[in-house]
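Worksheet: one structure, shown below.
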Amino acid sequence: MSEHQTPIIDAQVHAYEADHPGRPWAAVLTGPPSANGAEMVAAMDAVGVDGAILVSAYTMYRYDPSFALEVHADHPGRFGLVTPFDTADPAVGEKIADWAAKDGTVGIRLLLAHGISDDAGDEGIARLLQAAKQQDLPVNVYCTQRHEQVGELARRFPDVSLVVDHMGLVQPFHPPAPEDGWAELPNLLALAEYDNVTVKISGAGTLSREAFPFVDIREPVSRILDAFGLARCMWGTDWTRAIELLSYEQGVEAFRQKDWVSGDDRAALMGGNAQRIYSWSPGTA
């Protein structure tokens, strides 16, 4: 990347080490036995991705971001960090403040899907969002099939940047892709009315029912770009969760096809917008 080029930033990747007693997994996420920092950087380097937003893997590590912090320290300038927080924790505000003060942190994650935050209720979610506002951190919202709830939060917290993970769509872990993978797209598009909502078009390739370059995802993705405007959209691979459906290279190259997204728009979608939304750029420490 030259000094004046827009960096290519993957808006969502996960990294984890092999399961071991010193840092045991809470559960198993689809992917290789290990996807550590060096392995993630190698995959990025092979296809010219300058940096990535590294989201601490809830499946393995729940609310412990220690591995993500180690990866950041071991690979200076390559990762901005996001971690989930427990909405049921009365001390969540203090913990988010501590997170915001650490080197390399760029956001937090709110887990709405699968009922993870339901026990905390509106009060717990509000506590997390108020803390994000105080620390000026974007909130990545894992909200599969919960677009309406995101809309309610966007109304209640207009000053908080909400980033919809994976378009809020159910995405497969194993082939084949579902026939109705885009069925809830209208519910996502309805969120475009809220200026504080942006979208990660992450894992889109896993919804393709065609071979690479996944031409069948272009129409629904174009509808997202039209509804939200290019500036409120980011590309991401959701690597390594997507590994059984496509390669990392395919997840990158599908959005680099020159017969689809133009050069300036591609630069914004694949890096410039993430750079602005997360106030972070790849580089040397």
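What follows is calculated from the coordinates using simple rules that are stated; it is not laboratory data. For clarity, every value in this text was computed on a predicted model and none was experimentally measured. Glycine also receives a Cβ, built like all others from the backbone with ideal geometry; neighbour counts cover every protein chain displayed.
Things worth noting here:
- Excluding exposed DSSP-loop GluC sites (Glu not before Pro) (at most 15 other C-beta within 10 Å), longest clean stretch of the chain: 4-178
- All C-alpha to C-alpha distances of segment 9-277, sorted into 5 Å bins beginning at zero, yield P(r) values of 1, 6, 14, 18, 20, 19, 13, 7, 2, 0, 0 percent in whole numbers.
- Spacing of the modelled spin labels on His20 and Asp118, each 7 Å from Cα toward Cβ, amounts to 3.8 nm.
- Per residue, the average separation of C-alpha pairs within less than 8 Å and at least 6 apart gives the chain a relative contact order of 22 percent.
- Gaussian network model of the chain, Cα within-10 Å springs - most flexible of His20, His147, His166: His20
- Reported to the nearest whole Å, the Cα centre-to-centre distance from segment 213-285 to segment 26-53 is 17.
- Amide N of segment 184-211 lying under 19 Å from the label point, which is placed 7 angstrom from the Cα of Asp226 along Cα→Cβ: 184-194, 199, 201
- Helix-derived mean residue ellipticity, 222 nm - over the chain, DSSP H n ≥ 4, -39500 (n - 2.57), to 500: -8500 deg cm²/dmol
- Length released on extending from Ala211 to Asp89, taking residue separation times 0.36 nm less the Cα-Cα span: 39.5 nm
- For segment 1-130, the percent of C-alpha pairs falling in each 10 Å distance bin, counted from 0 to the bin holding the largest distance, reads 12, 39, 34, 13, 2.
- Top of Pro84, Pro24, Pro172 by mean-square fluctuation, Gaussian network on the chain, Cα under 10 Å: Pro24
- Fully extending the segment from Ala101 to Asp264, taken as 0.36 nm per residue of separation minus the present Cα-Cα distance, adds 55.3 nm.
- Placing a label point 7 Å from the Cα of Arg62 along the Cα-to-Cβ direction, the residues of segment 13-52 whose backbone N falls under 13 Å of that point are 24-27.
- Sequence-distant residues sharing a close amide H with Val141 (under 5 Å, placed H): Leu110, Val163, Val164, Asp165
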